[in-house]
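Working notes, beginning with the structure itself.
The values are calculated or read from the model by the stated rules, or taken from the named source; none is laboratory data. Note that the structure is predicted; figures quoted are calculated from it, not measured. Reconstructed Cβ throughout: ideal geometry from the backbone, glycine too, with neighbour counts over all protein chains shown.
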Amino acid sequence: MESGDADGFRQLRHKPVLTPSSDAELIVACMQMRTNANFSSILRTASCCGLRRVIVEGQASIEKRIARDGAQTIEVERRRSLEPVLLQLRKEGYRLIGLEQTTNSVSLHEYRYPQKAVIVIGNERTGISEGLLDILDDVVEIPMYGVPYSFNAATATSLALYEFRRQHR
């Protein structure tokens, strides 16, 4: 195929947004983030994956140049502590899932997201606290094939959110 052929590729600035056919719901719950850039990137990804709600511990600021439209399309709920809201969400039928490397975590490749879930994202340096690990229903991890031994928090979140949306299109 030569450049300019009618059957060639043309870049589209923005393709129309897809509407998920599934009514599955995923909420992101972030422990206190060290950087606003990571939190803002998580918002952007959540928006791209059609999520509606992100809960964050502490006072993370949104960097609009990173979050882009996610700053307007995602409901951001700030909490002093995640545990009470997570326990309430469990009572409402949500499954609590941690994104972390633990002794009994399941590979993201094998995990099947339930219809209603909350994914808990740990702090960039310290991960998910022991107190929160104790209340989770499941923990998923992203298999690593090189070093360093884990992805950046925002990158790992992107992979997990996209996998949720892939399973619940």
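What tally of residues in the stretch 1-32 results from selecting those that are closer than 16 Å to residue 70 by Cβ, part of a loop (DSSP other than H, G, I, E, B) and modelled with pLDDT of 95 or more?
So the count comes out to 0.
Can you pull out every residue in the stretch 131-169 that is over 22 Å from residue 58 (Cα atoms), under 16 Å from the mean Cα position of the chain (by Cα) and assigned to a loop (DSSP other than H, G, I, E, B)?
Selection gives 142, 150, 151, 168, 169.
Right, residue 25: surrounded by fewer than 21 Cβ atoms within 10 Å (Cβ to Cβ) and out of contact with any strand residue (DSSP E or B) (no Cβ under 9 Å at 6 or more places or on another chain) or not?
Here the answer is no, as residue 25 does not meet what is asked.
Pick from the stretch 143-168 the residues that are hydrophobic (A, V, I, L, M, F, W, C) and surrounded by 13 or more Cβ atoms within 10 Å (Cβ to Cβ): which of them is nearest to residue 108 (Cα to Cα)?
Of everything passing the filter in the stretch 143-168, 160 is nearest to residue 108 (Cα to Cα).
Among the residues of the stretch 101-130, what is the count of those that are assigned to a loop (DSSP other than H, G, I, E, B), out of contact with any Lys or Arg (no Cβ under 7 Å at 6 or more places or on another chain) and either surrounded by fewer than 16 Cβ atoms within 10 Å (Cβ to Cβ) or of a type outside the set (Val, Ile, Thr) (or both)?
Of the residues in the stretch 101-130, 15 are assigned to a loop (DSSP other than H, G, I, E, B), out of contact with any Lys or Arg (no Cβ under 7 Å at 6 or more places or on another chain) and either surrounded by fewer than 16 Cβ atoms within 10 Å (Cβ to Cβ) or of a type outside the set (Val, Ile, Thr) (or both).
In this structure, is residue 90 outside any strand (DSSP E or B) and of a type outside the set (A, V, I, L, M)?
For residue 90, the condition - outside any strand (DSSP E or B) and of a type outside the set (A, V, I, L, M) - is met.
How many of the residues making up the stretch 78-89 are surrounded by fewer than 15 Cβ atoms within 10 Å (Cβ to Cβ) and under 21 Å from residue 164 (Cα atoms)?
Number of matching residues: 0.
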